[in-house]
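Presented below is the structure to which this report refers.
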Amino acid sequence: MLFSSTVFLFYFLPVVLLVYFVSPRWLKNTILLLASLFFYAWGEPRFVLIMLASILMNYVFGFMVDKYRDDAKKIKWTMSLMVIGNLGMLGVFKYASFFVENVNSVFGFSLNDPEIPLPLGISFFTFQAMSYVIDVYRNDGRLQKNLFDLALYVSFFPQLIAGPIVRYQTVADEIVDRRETVDDFVSGIQRFVIGLGKKMILANSCGYVADQVFGQSAGDLSTTLAWIGVIAYSLQIYFDFSGYSDMAIGLGRMFGFHFLENFNYPYISKSVSEFWRRWHISLGSWFRDYVYIPLGGNRNGAWKTYRNLTIVWLLTGVWHGASWTFIAWGLYYGVFIMLERAFLGKWIAAWPAWFAHAFTLFIVIIGWVFFRADDFTYAIDYLQVMFGLHGGELFDQTAYFYIVQYGTILVLSMIAATPLPKYAVARFMRHEVNTDRPVLAVSAGLARAAYILFIFGISISYVVSSTFNPFIYFRF
Amino acid sequence: MEQQTKSDLVRSKKRRISWVVNSILLIGFLGTLFYGLAVYAFGTEQARSSSEGRMLAQRPEASAETILDGTYMEQFEKSANDQVFERYFWIETQAWVQRNVLQQQMNNGVISIDGVLYAPAPRASRYSSLGVFFKDFKKEMDEAGISYYFASAPSKPVYATRQNLFPPYIESADGANRGQLHERIEEAGIPLIDLEDTLGDKPGKEIYFKTDHHWRPEGAFLAYGQIMEALKEEFPDAPVLTMDDMEQKSVDGPFYGSHAREISMPYVESPDTFTYLEPKGGVTTTVCHNGDEDCGHSVLDKDVLKNPKKFTNYYNLFMGDNYAQAKIEQTDPKNDYHILVLKDSYANPVLGYLGESFGTVSALDVRYFDDYDVSISDYAKENDVDAVVFVHNDRITGLGSMYRAGL
């Protein structure tokens, strides 16, 4: 079920809110758990069993690490089994076909593709479940003895299928004891509506342009059109994913949960390292805390640091999808981050800010070509067109059409990808607390309400107008 | 003490403002969600959307099998989308934003130019499948001794292309597509009646509806004249209607055609006035649909005109709608000629005019052959057809495989 669907907005959400808030405190987690399982089962009912198996497995591992914490040998075995169990499950469902395809290709075998369907959000809930066991092991979160509460942590519908990856320590206390307030609920509404608007108005409009351009053979594109396509895709993927994160954070807040931020205006970054501190923060911090630092981080000399970075960025690419283009995309970032660590970072720091911004954006946009392309051949052909190396046109009528037809939305999206709108709104909204001028304060408050409800109305109009609207991050 | 009182006062003011704003947001947000839920749970389901011209999905019946395989959820989502409260209001709102805020000139492939709606084809089509069909068709007809013609109506974007109406950023391959289609027809050796010869220099507003993709019945009547001129040599004694024989009638109320429904109302500057031509003495024919069971219809189905809905498709006045097979017979035959028309909806008004000229006119529409099992060549041979006339607009690239299957 998508947040941006009529089923979610007009059936699932109101029913869950109603039942949740009229239920007694002791029943609330059960209500949320049942709602979350229903939410997950709505798309693909059979995969609920896989998620339940993952929950049960990690529930047992939680007890084991708590019990064997002080027994070095047993805890090593337990943690190894936990990693193998979780990654094994992820590997079977997400990477089996990719593995078979490559084995066949390299060794000339003709193994049958197992054609195992990919359960929605398996990468997200697997990482969350692993986070639980690791946090219990590290004493960053307490052992959850209540299976249903652990199941709620893993399956909680706002973040279940497209993140953010909520670490157990973040919500461990709130699962057991939380208070829902009107202020939190309203703040959740605002956040949800902003996310819905990002997804429906900006991401989908940019996505339409990107799909049209990337749907064509690279040889048919002019250089301008190729740039329009990749810029549109860069905006689409940001607003799609950050919009979904906003909706998840907003929904969580309505029910009294406080998730951490997942995006922080990544396109204003002045280096690739900074970009990754602002983009998909929950994934970056997961790899940092559960892979990079345990591997030794940067504490054991340059060679091991680069080895650790290579492993982390290889895994980052693999996590995004079972394809060599994703792996290349991950390693591409790994290379730039290593270069920045080696020398480039110092150079960039000495550059004028605008040039550092432009350079970083350029690197990121080129990276999206690999992320969006179906295969390497297309990615390379597309890049050749972008740089005028294909011998084709620089500008054509189709590019002219996309500029006229979608120029406004692309420019609006570019502005919305910066903190400028946030600053403008904050500047205006500060009048809301100006009690010396009550009329101004009331007006600012009413303007805020009108703005949110306007975005909500427009977003619904986009929801109703669309019939097919999958989130990009669903299959990761 | 005084300072504390002032501080309490400030807090109290902030709380009141916050309470008002929060209340508005809560009522607005939750009110919308729960209203949507209430309408779906307790409202009456709509059967059909006139604005979209299709049946709306209904709430599905649940069964263990459909729930487990996910089809129940799929059907439920379709019905939820179709039955959402104020569906067309939301769609129009989105189109309004798209046009007035985002400045998008085109919606769903349709563009408004000086109040006239067009759907240009951005890419050149290949007519190879149709080309193969034309050759096979010619062979069959030659063996049966049946003559054949292809009357090719210029579609609305072709007219706009010829008149240079599209702005420079609009890519239209319609002229090129038309050229390719004609090449295929001529390559196969089928005589071409290029209706652009008659219609090309007429003002567009006389030939085409502003808000619909079809030609006006007046344009179709001019095309009928050219077709009859081409058939004159073979059927010299078939009477030909002239404008003096016809009475122009108009329908009260606005007509919003197919393009208006596609592009949505915020893009529509003004509706059409729907007019039609009727022989002064009334029609002299009767129509059967899909065989001999469903007869007694008219080439002008005036029941359509009684539907008061905003998006009533008045173009269905002509022949009632599209059918796989229709047979028009003169109640008092003026001759015993039998013409078979292979057609799309452009041909519908022409069929009524042809019906006044030939004793029997049959029409086959390959797009609907799933509804009624019929073969073009068998039909022509078994029904003593004298000539086969294709009456199509030039946007028929997708019909090649259907024609080949239906031959």
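A few notes on this one:
- MRE, 222 nm, helices only [DSSP H, n ≥ 4, -39500 (n - 2.57), over chain B, to nearest 500]: -12000 deg cm²/dmol
- Efficiency of FRET between B:Thr5 and A:Trp354 - r from beta-carbon atoms, R0 30 angstrom, step 0.05: 0.05
- Over chain B, relative contact order from alpha-carbon pairs under 8 Å, at least 6 apart, %: 17 percent
- Helix B:217-231 axis, angle to chain B major axis (alpha carbon atoms, nearest 10°): 20 degrees
- Neighbour cut-off at most 12 other Cβ (10 Å), DSSP loop, trypsin sites (Lys or Arg not before Pro), the stretch B:254-325: B:Lys280, B:Lys309
- Within 10 Å of each Cβ in A:14-23, the average number of Cβ atoms from other chains: 2
- B:Leu407/A:Gln397 FRET efficiency (R0 35 Å; Cβ-Cβ; nearest 0.05): 0.40
- A:Phe387 sits among other residues whose Cβ lies under 15 Å from its own Cβ, and their net charge, with Lys and Arg +1 and Asp and Glu -1, is -2.
- Computed about its Cα centre, the charge dipole of the stretch A:338-464 is approximately 740 debye, with only Lys, Arg, Asp and Glu carrying charge at their Cβ.
- The dipole here belongs to the stretch B:1-43: it is taken about the Cα centre, uses +1 on the Cβ of Lys and Arg and -1 on the Cβ of Asp and Glu, and is about 180 debye.
- Residue order, fewest to most beta carbons within 10 Å, for B:Tyr118, A:Tyr332, B:Tyr159: A:Tyr332, B:Tyr159, B:Tyr118
- Computed on the stretch A:184-465, with alpha-carbon pairs under 8 angstrom and 6+ residues apart, the relative contact order is 26 percent.
- For A:Lys199, a cut-off of 25 angstrom between C-alpha atoms picks up these lysines, skipping any fewer than 8 places away in its own chain: A:Lys422, B:Lys78.
- Distance in nm between pseudo-label sites at B:Thr286 and B:Lys139 (7 Å out along the Cβ direction from Cα): 4.1 nm
- Antiparallel DSSP beta bridges within the stretch B:123-406, as percent of all bridges there, nearest 5: 50 percent
- Over chain A, dividing the summed -39,500 (n - 2.57) contributions of all DSSP H runs of at least 4 residues by the number of residues returns a 222 nm mean residue ellipticity of -22000 deg cm²/dmol.
- Under 5 Å, built H, 5+ apart or other chain: amide partners of B:Tyr208: B:Arg216
- Of the GluC sites (Glu not before Pro) found in the stretch B:324-406, no site is in coil according to DSSP while having at most 14 other Cβ atoms within 10 Å of its Cβ.
- Its residues counted as N, the protein assembly as shown yields a C-alpha radius of gyration over 2.2 N^0.38 Å of 1.14.
- The amide H of A:Phe263, built 1.01 Å from its N in the peptide plane, has A:Ile281 as neighbours under 5 Å, considering only residues 5 or more places off or on other chains.
- Across chain A, Cα-Cα pairs farther apart than 39 Å form 26% of the total.
- Per DSSP, loop GluC sites (Glu not before Pro) in the stretch B:1-101 with at most 10 further Cβ within 10 Å: B:Glu61
- Size of electric dipole in the stretch B:123-406: Cβ of Lys, Arg +1 and of Asp, Glu -1, about Cα centre, debye, nearest 20: 1160 debye
- For a straight C-alpha distance cut-off of 26 angstrom, the lysines reachable from B:Lys205 (same-chain residues fewer than eight places away being disregarded) are B:Lys156, B:Lys249, B:Lys280, B:Lys302, B:Lys306, B:Lys309, B:Lys310, B:Lys343.
- Note on the stretch B:315-336 and the stretch A:150-166: Cα centroid distance 62 Å, given to the nearest whole angstrom.
- Under 21 Å from A:Lys28, Cα to Cα: lysines that are on another chain or at least 8 residues apart: A:Lys145
- Shown in residue order for the stretch A:127-144 are the 3J(HN,Hα) couplings computed by the Karplus curve 6.51 cos²θ - 1.76 cosθ + 1.60 at θ = phi - 60°: 5, 5, 5, 5, 4, 4, 5, 5, 5, 5, 4, 7, 6, 7, x, 8, 4, 9 Hz (x for Gly and Pro).
- Reducing the stretch A:314-337 and the stretch A:362-424 to their Cα centroids gives an inter-centroid distance of 21 Å.
- Radius ratio Rg over Rh of chain B, counting only Cα atoms, Kirkwood formula for Rh: 1.12
- For the stretch A:256-270 versus the stretch A:11-54, the gap between their alpha-carbon centres in whole angstrom: 26 Å
- Estimated Rh, the stretch A:6-178: Kirkwood, alpha-carbon pairs, angstrom: 17.5 Å
The numbers here are math on the coordinates, done by the rules we state, and not lab data. Predicted model only: the values in this text are computed from it and were never measured. Cβ sites come from the backbone with ideal geometry, for glycine too, and all protein chains shown count toward neighbours.
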